[in-house]
Amino acid sequence: DLSVVARGTPGFSGADLANLVNEAALLAARLGRKGVAMEDFEFAKDKVMMGSERRSLILSEQDKKIVATHEAGHAVVASFIPDADPIHKITIVPRGMALGLTQQLPMDDKYNYSKEYLEAEIAVMLGGRTAEETLIGSVTTGAGNDFEKATEMARNMVVAWGMSEKMGPLSYRAESNPFAAFWESGARAQYSEETAREIDEEVKCIVLAAQEKAREIISAHKEQMGRVIQALLDREVL
Ligand code: ZN
């Protein structure tokens, strides 16, 4: 189903797609298949996007449970926010630097994002840590990358896309200054320190509101969380 492959590879160039097909064909050949199957494409996509599986990495039962809880958090939050992209796959097989992964598939190519969509996606990103907090009661380092992405998205909403009522429809991007001496960075903010503080506060507000949303959803769906976690522990990939 090429439309599923296409939806799972947004932003891929022709060369990236060629690489994907190549990886899928290599796998199919290794398995002695006569043709390239959908599973081969799935496998190739994960490898190209996230690095090879690290099955040699043995996680303790407790670590597996934490990873499963974290990933289930992303998935359940995404499932209960209509504006979020639907879930395609959840895995707790370590890959590259990641111990687990939840993949969403956009329904169509998006070039223009609504504020609701961005807020939904930030809530999904925070769903992992929120699940650890709510269901395990302690937190791990596993959410570092989620926070980075969520903060960057929230910051862009404020400084670039005029989506903060308080900061208004202004661009606060640091502009590169053609007159800067070469030893200076060349990028400098065109606003006061006071404004910088306000921007930081607004970014924080957006992220905290999304966290609250994630908390509400996870607290209200503990039973579904439990089922997804158990299914992940049993099958590793959903
Ligand atoms: Zn995560």
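Bear in mind these aren't lab numbers, they're just calculated from the coordinates by the rules spelled out. Model, not experiment: these values are computed from the prediction. No Cβ is skipped: glycine too gets one built from the backbone with ideal geometry, and neighbour counts run over all protein chains shown.
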Rounded to the nearest 20 Debye, what is the dipole magnitude of the stretch 1-129 about its Cα centre when Lys and Arg each give +1 and Asp and Glu each give -1 at the C-beta?
500
Net charge (Lys, Arg +1; Asp, Glu -1) of residues whose beta-carbon lies under 13 Å from that of S52, S52 excluded, is +2
GNM flexibility winner over the chain from K64, K34, K149 (Cα, springs under 10 Å)
K34
For the chain, what is the mean residue ellipticity at 222 nm derived from helices alone (per DSSP H run of n ≥ 4: -39500 (n - 2.57); sum divided by total residues; nearest 500 deg cm²/dmol)?
-18000 deg cm²/dmol
Given labels modelled 7 Å from the Cα in the Cβ direction, how far is it in nm from S60 to E223?
3.3
To the nearest 20 debye, what is the magnitude of the charge dipole of the chain about its Cα centre, counting +1 on the Cβ of each Lys and Arg and -1 on the Cβ of each Asp and Glu?
760
Among G14, G142, G127, which one shows the biggest mean-square fluctuation in a GNM of the chain, springs joining Cα atoms closer than 10 Å?
G14
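Based on DSSP H assignment, which helices of the chain show an axial Cα extent of at least 20 Å together with a mean Kyte-Doolittle hydropathy greater than or equal to -1.0?
Long hydrophobic helices here: 14-30, 61-79, 115-131, 144-159, 193-220.
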Amide H of Q104 versus every other amide H placed in the peptide plane: which residues, excluding those fewer than 5 positions away on the same chain, fall under 5 Å?
H88
Measure out, as a whole number of angstrom, how far apart the alpha-carbon centroids of the stretch 122-174 and the stretch 61-108 sit.
17
Suppose R0 equals 30 Å. What FRET efficiency, 1/(1 + (r/R0)^6) with r the Cβ-Cβ distance, do M97 and R173 give to the nearest 0.05?
0.55
Distance violations [Cα-Cα > 28 Å] among K47/K222; K47/K213; K89/K213; K65/K149; K149/K222:
K47/K222; K47/K213
Order of K115, K47 from fewest to most other C-beta atoms within 10 Å?
K115, K47
Show which aspartates and glutamates lie in cross-link reach of K204 when reach means a straight Cα distance below 16 angstrom and same-chain residues fewer than eight apart are skipped.
E119, E121, D146, E148, E152, E165, E194, E212
Which of rounded, prolate or oblate describes the chain when judged by the alpha-carbon gyration tensor and an a/c cut-off of 1.5?
oblate
